[in-house]
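Below: one structure, written as structure tokens.
Bear in mind these aren't lab numbers, they're just calculated from the coordinates by the rules spelled out. Computed from a prediction, not measured in an experiment: that's the story for all the values here. We place every Cβ from the backbone using ideal geometry, glycine too, and count neighbours over all the protein chains shown.
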Amino acid sequence: MSSHEVTMDEELKKNLFLTTVDTVYNWGRKCSMWPMSFGLACCAFEMIGVAASRYDCSRFGMEIYRASPRQADLMIVSGTVTQKMAPQVKRIYAQMAEPKYVLAMGTCAISGGIFTSYAVLQGVDEIIPVDVYVPGCPPRPEALIQGFQRLHEMVMKQSIRTAPWYQKSPTSSI
Amino acid sequence: MTNEAILAKIREAYPTAVVDVPEEMTDFTIILAADQLFAVAKFLHDELGMDYLTDVTAVDYPDHFEVVYHLYSVERNQGLLTLKVLIADKTNAAVASVTPIWPGANFMECEVYDLMGIDFPGHPDLRRIMLWDGFPGHPLRKDFENRTFTFKELEPTRPKPPNW
């Protein structure tokens, strides 16, 4: 058979589509990103609002908030990170399996918010790398959903060839 | 029993304890001598039935500390009686703990120790309750510099879990 043409039945044409591995891989990850329940303060209530029926995050596949960091993909840091809590945030981030993402929700997680105090960490990106920042005090549920959309765009742009968790060289520790 | 009657009974039992009864306070306040606080507090609890201590707190003035106690009586349905103790020595501030009399004072005295640095001898387990043991300084003192800390700066002061 020297011909390189692919001949298919009509039936088969309707059920088969060709794409890249990257697209399918990223599509699968984006549509089932499981957040970890990490509500620290008032922003947690807006996060709960996103999980509730009106601003449904289940349509993105994100309604399953895993309690264990081992099973979660996304850590939504919602609320004020105090100096006392900061090592525990770092510890829980370290327990998440790659690929993992962090969304800093609210101004307290981004930069300490209105609390310029001895007891408040001025931004969670002092201790863990953040992918998406959602400002607001608290951000409206729609703003958080826009944050999810940005995260999904970011995920769709990643490629298996360059993904840090598949490289042979060791990844940087936190 | 009114607050004035309580004051009269305290004066009768401990004549040297009451230092001052300031007129300008909106709530009835009795300022006691620091070394007689425990005796007067026990008297108030046992004899006069002030069985509910709602608050222990402290104030930082330029030359002295004040430790403030808010007392109620549940059995007599009597309202607020405020006791104050002035501590002149700010570097080694200490006043007897009232936890043996009112067990609810346990956490409140821990908070005062944590944020103001006032020691309470006689307390069963005096340690920091909101911050951790190695935290530099006592934040609610007026001479504590009002600043933020970075994570790296406070990292050496934190207690380490054994297998971190």
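When only alpha-carbon atoms count, how far does segment A:26-174 stretch along each of its three principal axes, as whole angstroms with the largest first?
Rounded to whole Å, the extents work out to 43, 38, 24 Å.
Taking just the C-alpha trace of segment B:1-149, give me its Rg and Dmax in Å.
Reported Rg and Dmax, both Å: 15.8, 52.
Can you find, among A:Pro129, A:Ala109, B:Leu140, the residue sitting farthest towards the positive end of the charge dipole of the protein assembly as shown, where Lys and Arg contribute +1 and Asp and Glu -1 at Cβ?
Comparing the listed Cα positions along the dipole, A:Pro129 ranks first.
Based on the mean of other beta carbon atoms within 10 Å per residue, what is the order of B:60-69, B:41-50, most packed first?
B:41-50, B:60-69
For segment B:1-87, report the translational diffusion coefficient in µm²/s to the nearest whole number, using Stokes-Einstein at 10 °C, 1.306 mPa s, and a Kirkwood Rh over Cα pairs.
For the chosen part, D equals 121 µm²/s.
Using only Cα atoms, what is the ratio of the radius of gyration of segment A:42-112 to 2.2 N^0.38 Å?
1.14
Assign one of three labels to segment B:1-52, namely rounded, prolate or oblate, based on the Cα gyration tensor with a ≥ b ≥ c the square roots of its eigenvalues; rounded applies when a/c is under 1.5, prolate when it is not and a/b is larger than b/c, and oblate otherwise. Mind dumping the intermediate values first?
Values: a/c = 1.59, a/b = 1.17, b/c = 1.37.
Oblate is the answer for segment B:1-52, as a/c is 1.5 or above yet b/c matches or exceeds a/b.
Whole-Hz ³J(HN,Hα) for each residue in segment A:71-78, computed from phi via Karplus 6.51 cos²θ - 1.76 cosθ + 1.60 with θ = phi - 60°, x for glycine and proline: what do you get?
Calculated HN-Hα couplings, in order: 9, 9, 9, 10, 10, 8, 7, 10 Hz.
Below 26 Å, Cα to Cα, which lysines can A:Lys157 reach? Residues fewer than 8 away in the same chain don't count.
A:Lys30, A:Lys100, A:Lys168
What does the C-alpha gyration tensor say about the overall shape of segment A:89-174? Classify as rounded when a/c is under 1.5, otherwise prolate if a/b is larger than b/c, or oblate. Can you show the working numbers first?
Working: a/c = 3.14, a/b = 1.41, b/c = 2.23.
Here segment A:89-174 falls in the oblate category.
If I take all pairs of Cα atoms in the protein assembly as shown, what percentage of them are more than 35 Å from each other?
Details: 27567 of 56953 pairs.
Tail of the P(r) past 35 Å holds 48 percent of the pairs.
Size of the dipole of segment A:21-131 about the Cα centre, Lys and Arg at +1 and Asp and Glu at -1 on the beta carbon, nothing else charged, in debye to 20?
That gives a dipole near 260 debye.
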